Amino acid sequence: MEENDQAKTTATKGTDAARKVRAMVKNIYKSCHDAQAEGKKVAYIMVSSQYDEILRAMDIVPLPTENYAGLCAAKRDMDRFLTKAEEDGYSQVLCSYARIGLGFDSMRKDLGCMPENAPDGGMPLPDIILGSSGVCDPRFKWFQACGRFMTAPTYSIDVMHPAVHCDLNAVRDHYVRYQKEQFEGLIAFLEKQTGKPLNKERLWETIRLGDEAWRLWYESDLLRMSKPCVMPSQDHFSVMVPAYYYSGTQEAVDFFQDLVNEVKYKIENKLAVVKDEKYRILYGGGLPPWHTMWFFNYFESFGAVFVIENQYRGFDPVEVPGHVKDPVEFLAWRTFLRYTKRHEQARANSGNPVVERILDLIKDYDIDGVFFHACRSCRATTIGQIHTKNTLGRYTDLPMTQFVSDMVDLRDYSEAQWKAQIEAFLEALAARKRPL
Amino acid sequence: MTSITQMEDLYTQRGKRARELHAAGQKVVGYFCCFVPDEIIAAFDMIPYRIQGCMSEPIDRADAHIEPMACPFARSCFNMAIKGDYSFLDGFVVPHSCDTIERMYHIWRENTPAAFNHFLNVPHMMGPSSDAFYRKELEFFIKALEDWSGKTFDPAKLKDAIKLYNQRRARLRELYALRKPDPPLVSGAEITQLLVAGMGMPADEHIELIDGLIGEIMRRPQPKGPKQPRIFIWGNEIDDTAFIKLVEESGASVVMDDLCTGSRFFWDDVPETADPLDGIVSRYLHIHCPRSYKPAAETREDDLENRFGYIGEFVKTWHADGVIFYIIRYCDTCELEGPDLREYLNVKGLPVLMIEDDYSTSTIGQLRTRVQAFLEMIV
């Protein structure tokens, strides 16, 4: 795509920290190319697979294929990869991240080299492919399908958590044990691939760095309760990059420390996102529309700011028991505790941990309305939104809306439809605030 | 009443027998997919009921609760539930088979709960630690059934149930063997009717029905006619004869399948092990469903053979001339599996037609031209 043909897709950010993320994204792909030149292993990975710190401890460079799909959408250079995947027989309703990834891989294979002008230099052929069942089904099926386009040792792990109705005391050991075994299987695979044993002291260090970055991320979100909003949701959807793709590094810690400092500074100096903040909106769930992130600014032009999100920072800090002395077991415990953080609260109240989190956010962030984004090709983050909305309706009378498009496939997006729906949502927000 | 008319009756009036048993005081436990062992439910003297949708009814109520980009089969089942069609279910059990079904458990339970509701977690990965995990999940399931029913689990009764269900499997394989001759002695539509009928009745009654059907098939005149393409069907849920009939009316014989509602759910026996749960685990966790992940082999060829070798045997043994994939839309695991399976089958010289559909009889007719064109290509 010619540079001057590219439509505006990104949103204007509120913080300097978020503005630095673009360079970090570029560096992800550059690092992969550089790493291979240095003889290091590069691995295709899936976000939130809970194994990031293991990879960092073993000097494996992560190559996040989902992020690459989002990048292609933000650059409006996704159609050629989507089309290629569809020509290869993948359904138009299949996860569009997977379609872009497989389309890219297929094109790279056919060409025998990187597709021309691939965003950020393209994804190099990985040395290893690492899937997981955490979050959704395509995370291991997509990487299994990669075998059609490349030969790279492939391994996947389960990331399992119990249903909300389970007695956590009864199932805890069972889940932690299985998760630990899954990590151990992965480590054995990686040791074979790298020829090096895992250094557990090093793993403790990457875990410390990973947890510290996430703690700071959490702290920045707590600061965002302040009114008016100084860090909007478009910034959040940028800062998830260092949180996930630099997890286990000092770089991520430094980034989030800077973010915390900046948010504090902005609060102290009342540097608001919009001058006249009329409505505070919660991004209630769903992958963001990477192809059209400027819609956040469009809302802002009406005085409506997205102030917090129920997406990506899915886990608040958890306290792993002190008796856990092995870092792999620590990761297993952390996984279990992260996924079950609101189970007991949910059992005592709505029965739904997502609803509990949203209710907490509504209260803590003084929310006026809730926005959901349904992605036509993402089952995991979309299915259940209506149910969540219905359940929330029992506890709050806030206006709630569900917009439909896709995370990266622009064919599922209609600007006119969105603008009409935005208008209607703004009217609902105004009606609720209007004095009787 | 002949077995064929009885089968047609049970197929048409879905759940008829289960409703009768429920009315007589027996507990009927509904479940989704292939990962909930019938034998465990039967060992508690309850009736396992495989939940089905209804392709001929529009989804007119479910969309207020679940997004339209979810599997239309699951939405159809839920649509029936909120309209009261599943009020005869005393229990509701959902395995974590895929993203949609996992979500469905919570939505269903919240909106139309049964007296007993249970979620059975099922690993996607396959290996020794997954076996141990699934076994523990089954133990939780058994404990939940004990608490609900007030009965104590008896391993001897589970062994008996395993024997009984293996007998049913053997009979079904016997029936499937009647599809090997050319032309086959039994149609794909008849097979679908029989399987659907069996989803809502006790195994011993289903065995009786299968035996009766086999007898009637053997007594009726053997089909004759010109050579027709022999089709193998692969996909997810087909609990309606509409599509199979369309293929057969287009001039082909549907001779074998790998479907959630077909051979996938019954083909392999449960090994009769000293501890019956060992047999259950080794059988159910290793069902060939695209949602399960077999560890990758070193080469592409080995990986495909490892994943699809059993299909290779099926198409060879049943002399298939072509393969049709019937995938219900929004099934990510089937959508990702399909192109790999097509590659595997094409290498064996088998043509493949890949169809994605909406689980609705109103869209079936649109597929006729594609099916006919595919069959002409084979001939």
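The values are calculated or read from the model by the stated rules, or taken from the named source; none is laboratory data. A quick note: this is a predicted structure, and the numbers were derived from the prediction, not measured. Here the Cβ positions follow ideal geometry from the backbone for every residue, glycine too, while neighbour counts run over all protein chains shown.
Below, the figures for the structure above:
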read-out	value
Helices (runs of 4 or more DSSP H) (entirely within region A:42-145) containing at least 3 residues that are within 14 Å of chain B (Cβ to nearest Cβ)	A:79-87, A:96-111, A:138-145
Test: residue in region A:138-145 that is crowded, with 20+ Cβ neighbours inside 10 Å, touching a Cys at 6+ places or on another chain (Cβ under 9 Å), modelled with pLDDT of 95 or more and of a type in the set (A, V, I, L, M)	no
Residue among B:Met80, B:Met104, B:Met69 that is of a type outside the set (Lys, Arg), assigned to a helix (DSSP H, G or I) and within 9 Å of chain A (Cβ to nearest Cβ)	B:Met104
Qualifying residue in region A:309-324 (condition: touching a residue at least 12 places away in the same chain (Cβ under 8 Å) and surrounded by 22 or more Cβ atoms within 10 Å (Cβ to Cβ))	yes
Selected residue [under 28 Å from B:Arg329 (Cα atoms), touching a helix residue (DSSP H, G or I) at 6+ places or on another chain (Cβ under 8 Å) and surrounded by fewer than 20 Cβ atoms within 10 Å (Cβ to Cβ)] from B:Asn79, B:Asn111, B:Asn121	B:Asn111
Residues within region A:24-48 that are within 30 Å of A:Arg411 (Cβ to Cβ) and either modelled with pLDDT of 95 or more or buried (at least 24 other Cβ atoms within 10 Å of the Cβ) (or both), tallied	9
Matching residues, region A:389-436, being assigned to a helix (DSSP H, G or I), under 16 Å from A:Gly285 (Cβ atoms) and hydrophobic (A, V, I, L, M, F, W, C)	A:Leu392, A:Phe425
Filter result for B:Ile311 (on the phi < 0 side of the Ramachandran plot, of a type in the set (A, V, I, L, M) and within 14 Å of another protein chain (Cβ to nearest Cβ))	no
Qualifying residue in region B:92-101 (condition: within 20 Å of the chain's Cα centre (by Cα), in a helix (DSSP H, G or I), farther than 27 Å from B:Asp147 by Cα and of a type in the set (Val, Ile, Thr))	yes
Evaluation of B:Ile244 against (1) surrounded by 20 or more Cβ atoms within 10 Å (Cβ to Cβ); (2) modelled with pLDDT under 95 (one fails), failing number	(2)
Residue match in region A:187-208 (condition: touching a strand residue (DSSP E or B) at 6+ places or on another chain (Cβ under 7 Å), part of a helix (DSSP H, G or I), within 12 Å of another protein chain (Cβ to nearest Cβ) and surrounded by fewer than 23 Cβ atoms within 10 Å (Cβ to Cβ))	yes
Options A:Ile386, A:Ile358: the member that is in a helix (DSSP H, G or I) and surrounded by fewer than 23 Cβ atoms within 10 Å (Cβ to Cβ)	A:Ile386
Failed criterion for B:Thr112 (all others in (1) polar (S, T, N, Q); (2) more than 10 Å from every other protein chain (Cβ to nearest Cβ); (3) closer than 22 Å to B:Val270 by Cβ hold)	(3)
